[in-house]
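Okay, structure first, notes after.
The values are calculated or read from the model by the stated rules, or taken from the named source; none is laboratory data. Keep in mind the model is a prediction, meaning the values are calculated, not measured. Glycine gets a Cβ as well: all are built from the backbone with ideal geometry, and neighbour counts include every protein chain shown. Remember, those area values only see protein heavy atoms, side chains included, never the ligands or the DNA or RNA. Shrake-Rupley method; radii C 1.70, N 1.55, O 1.52, S 1.80 Å.
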Protein chains: 2
Amino acid sequence: MPVSQTDLEAYADLVVKVALNVQPGQTVGVGAYVEHAPFVREVAKAAYGAGARYVDVIYTDEYVRRATIEDAPDDVLGWSPPWFLDRRSSMEHQAYLTVRGHPDPHLFDGVDGSRLAQGRLKDFDAIVLSQVTKRLVNWAIVAFPTAGWAETVFGEPDLDRLWQAIRRTVRLDEADAVGAWNEHVDRLKARASALNERHFDAIRFRGPGTDLTVGLHAGSNWQSAGEKTVDGVAHVPNMPTEEVYTTPDSRRTEGTVRSTRPLFLQGTIVEGLEVRFEGGRVVDVQAERGADVVRTQVETDAGSATLGEVALVDGSSRVGQTGITFFDTLFDENATSHIAYGQGFSSTVDGAQDLTADAQAAMGISTSSLHTDFMIGGPEIEVDGLGTGGEATPLIRGDDWQLD
Amino acid sequence: MPVSQTDLEAYADLVVKVALNVQPGQTVGVGAYVEHAPFVREVAKAAYGAGARYVDVIYTDEYVRRATIEDAPDDVLGWSPPWFLDRRSSMEHQAYLTVRGHPDPHLFDGVDGSRLAQGRLKDFDAIVLSQVTKRLVNWAIVAFPTAGWAETVFGEPDLDRLWQAIRRTVRLDEADAVGAWNEHVDRLKARASALNERHFDAIRFRGPGTDLTVGLHAGSNWQSAGEKTVDGVAHVPNMPTEEVYTTPDSRRTEGTVRSTRPLFLQGTIVEGLEVRFEGGRVVDVQAERGADVVRTQVETDAGSATLGEVALVDGSSRVGQTGITFFDTLFDENATSHIAYGQGFSSTVDGAQDLTADAQAAMGISTSSLHTDFMIGGPEIEVDGLGTGGEATPLIRGDDWQLD
């Protein structure tokens, strides 16, 4: 066990108290891989300690998923058993933890990219996205190290090194991790406020292979770590988190963008991704590796080819400071600025939250069953806020935040 | 990995082809502990190879279960989430595999025995028992070794030694394991036929601490390995299996019986169990260890204090021949003769299967939400079949089968 019992307990405590903020009487759903069992067991104990009524754990198995994707009949790809959907639907007003950290980076090598993309559990993802956008669940996504993940990252299964990196990014190296998280959340909220005061019309990214303008809504609100459910439960959905983000106008993305970090997507690694946008929509996808998974994704539904998120991260990020590419979006998106195609967050756009999905789509909020982030920031990327007249305000230069 | 890839694949193949006999288009449900993942992954591949439509795996975690039993509110003990019950209900006309092999024999040490017994998932067990007695599922229970289980058995986590023992009991040491199983099933069926020809009125067990008479129905049929579902799918529910068994008249058990092997029950070990019956019902439970779990069980419902099964096993059993106490009923019940309190098998009693539960209970078929086997045979135990006039026919002497 590379993670000490002390660390396991401290991490579980942080996740239950800060990330989920479990309330007395809540069910605590957990979705994890079998490889995460040592951590999940501590989370269960901590959750009951916080007054949970019931801890409802589902362990999934990526090797079984591979067998399904390889050998199941076509009509089963992307299908979920009714009980699996019902379980997630039952999590409204409850807490839900998803644990990340894949067991084997080469697990899906040689599997047909199109079958892999079809194997995504669309109905399940739609329930999750709906619960998230309607703020019905105090949810969080955190990571736990596995030998396979460590091998992806370091070329050897150095679990301890991976855990030490995770440990620092989630601030467990602080004597008072809970207090450190409160300070960190306040700092990110200050950035979001500074952006909101300027009412930018668009964000522009420029750098090698990238000249992209992402148009914003007049009512786009920048947000950061720290959500609150409709029941008033404050939670921190991602640990780590370093971003400020909003939902752009899905009709006003123009130009070309090159990813600056690898993207680990549905078990496969996408590298050297280049995407061109016209009139808001993806019109071309190229990549050194894994382009077919992205192409299948952006063709999924009406909103999968338009942007649902734009997020800014500078070089002060603890994730970025590790110097590690984690090959996991939870970390890598927090190392640097990023955009996501697919579902937008209606809660970030004034007046949008209570509209129907069709009405949201009509006003330029991307509506999709998926949401895929990819990383476009870094030291060579200049980020500006543009006013309605096109005047530019530097936001990030040389990976340093510019706006007070 | 103490179990070689070759063995894993051969075992999964045997389980899918013989134990479950998976049919094309079936869903294959699997219930296993997280520790069984290496085996479950091979079962998934073999099941898809046999034409399964979907392999639906639930991994449970005994450490999370302990946390629930220790710390959850009282009303959650014994409760199952609706999705968990719905999933099992959806398995009618499908295949279902349960994998045994506990991770830690001391996991429940110090946990209140009454809470442990209350923590049993009654509604779930009732669904399983109903599907089994109505022959709606081609199901099987098999085992996979864990370090904790090996430690219970040998005092050290000698996984290889445990696997070699299991491997022999499930006949994977035979060049043609599938053929060996067919022969074995035929041999047990011949014993059941010999018993059925005699139409015994009762079975008597005599030995140290034991003088027990188990009254049979006129229509009690002896059965053995090899069931057939209502859909005509032949399957072998237990691997290993060495028993011939029937359901006795629940009103006609008289005398005292002492268990001859430890019983591993709900995570705790029951040793030196002594049970006294009057008029069919348990009237006293004593044990050197774990009596409270048994007492709580027999008080569960109307049929939990009466016998639902009597089973005969002699010394030719491969399980018995290992000389190992496995501390798992799946094995230990196949080492020697045994009885079970709780639910009877209506399919073993003429004319009973289509009756309501109340009508079955009225005719002396034990009706309960549980079914717990405990072992009462061995070299010192004489087993006789009694005719209606009390005349005795030796069935087992010196652990050898006597009836041709």
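If we scan region B:322-338, do we find a residue that is closer than 30 Å to B:LEU172 by Cβ and free of Cβ contacts under 8 Å to residues at least 24 places away in the same chain? So far as region B:322-338 goes, yes, one or more of its residues are closer than 30 Å to B:LEU172 by Cβ and free of Cβ contacts under 8 Å to residues at least 24 places away in the same chain. Among the residues examined, B:VAL285 does not qualify as in a helix (DSSP H, G or I) and either over 20 Å from B:GLY255 (Cβ atoms) or without any contact (Cβ under 8 Å) to a residue 60 or more places away in the chain (or both). Of the numbered criteria (1) within 27 Å of A:ALA357 (Cα to Cα); (2) out of contact with any strand residue (DSSP E or B) (no Cβ under 9 Å at 6 or more places or on another chain), the one A:LEU129 fails is (2). With the structure loaded, tell me whether B:GLY25 is in contact (Cβ under 8 Å) with a residue 12 or more places away in the chain, more than 30 Å from A:GLN26 (Cα to Cα) and facing chain A (nearest Cβ under 9 Å) or whether it fails that test. Answer is yes for this residue.
One residue stands out among those in region B:69-81 that are open to solvent by 20 Å² or more (accessible area, probe 1.4 Å) and at the interface with chain A (Cβ under 7 Å from one of its Cβ atoms): the one that is farthest from B:ASP112 (Cα to Cα), which is B:PRO73. Taken together, the criteria exclude A:ALA143 from residues that are open to solvent by 40 Å² or more (accessible area, probe 1.4 Å) and either of a type in the set (A, V, I, L, M, F, W, C) or touching a Phe, Trp or Tyr at 6+ places or on another chain (Cβ under 9 Å) (or both). Just so you know, in region A:160-202 the residues that are within 19 Å of A:ASN21 (Cβ to Cβ), touching a helix residue (DSSP H, G or I) at 6+ places or on another chain (Cβ under 8 Å) and in a loop (DSSP other than H, G, I, E, B) include one that is least open to solvent (accessible area, probe 1.4 Å), and it is A:VAL170. Among the residues of region B:33-56, those that are facing another protein chain (nearest Cβ under 7 Å) and aromatic (Phe, Trp, Tyr) comprise B:TYR48, B:TYR54. Could you run through region A:90-116 and say how many residues are hydroxyl-bearing (Ser, Thr, Tyr), within 14 Å of chain B (Cβ to nearest Cβ) and open to solvent by less than 50 Å² (accessible area, probe 1.4 Å)? Qualifying residue count for the region: 1. Take the residues in region A:129-146 that are among the aliphatic types (A, V, I, L, M) and at pLDDT 95 or above; name whichever of them is farthest from A:GLU62 (Cα to Cα). Looking at the filtered set, the residue picked out is A:LEU136. Tallying residues that are under 26 Å from A:ALA362 (Cβ atoms), part of a strand (DSSP E or B) and of a type in the set (Val, Ile, Thr) within region A:224-253 yields 2.
What residue, of B:PHE327, B:PHE277, is aromatic (Phe, Trp, Tyr) and in a strand (DSSP E or B)?
Result of the check over B:PHE327, B:PHE277: B:PHE277.
On the stretch given as region B:282-309, residues that are touching a Ser or Thr at 6+ places or on another chain (Cβ under 7 Å), at negative phi and of a type in the set (Gly, Ala, Ser) total 4.
For B:VAL30, the conditions (1) buried (at least 21 other Cβ atoms within 10 Å of the Cβ); (2) facing chain A (nearest Cβ under 8 Å); (3) not acidic (Asp, Glu) all hold with the exception of (2). Across region B:38-46, not a single residue is classified as within 21 Å of the chain's Cα centre (by Cα) and open to solvent by 40 Å² or more (accessible area, probe 1.4 Å).
Among the residues of region A:208-223, write down those that are in contact with a helix residue (DSSP H, G or I) (Cβ under 6 Å, 6 or more places away or on another chain) and either part of a strand (DSSP E or B) or open to solvent by less than 20 Å² (accessible area, probe 1.4 Å) (or both). Across region A:208-223, the qualifying residues are A:TRP222, A:GLN223.
For region B:306-318, check the following and say yes or no: at least one residue is surrounded by fewer than 23 Cβ atoms within 10 Å (Cβ to Cβ) and without any contact (Cβ under 8 Å) to a residue 40 or more places away in the chain. No; the residues of region B:306-318 include none that is surrounded by fewer than 23 Cβ atoms within 10 Å (Cβ to Cβ) and without any contact (Cβ under 8 Å) to a residue 40 or more places away in the chain. Residues in region B:57-68 that are more than 7 Å from every other protein chain (Cβ to nearest Cβ) and of a type outside the set (Val, Ile, Thr): B:GLU62, B:ARG65, B:ARG66.
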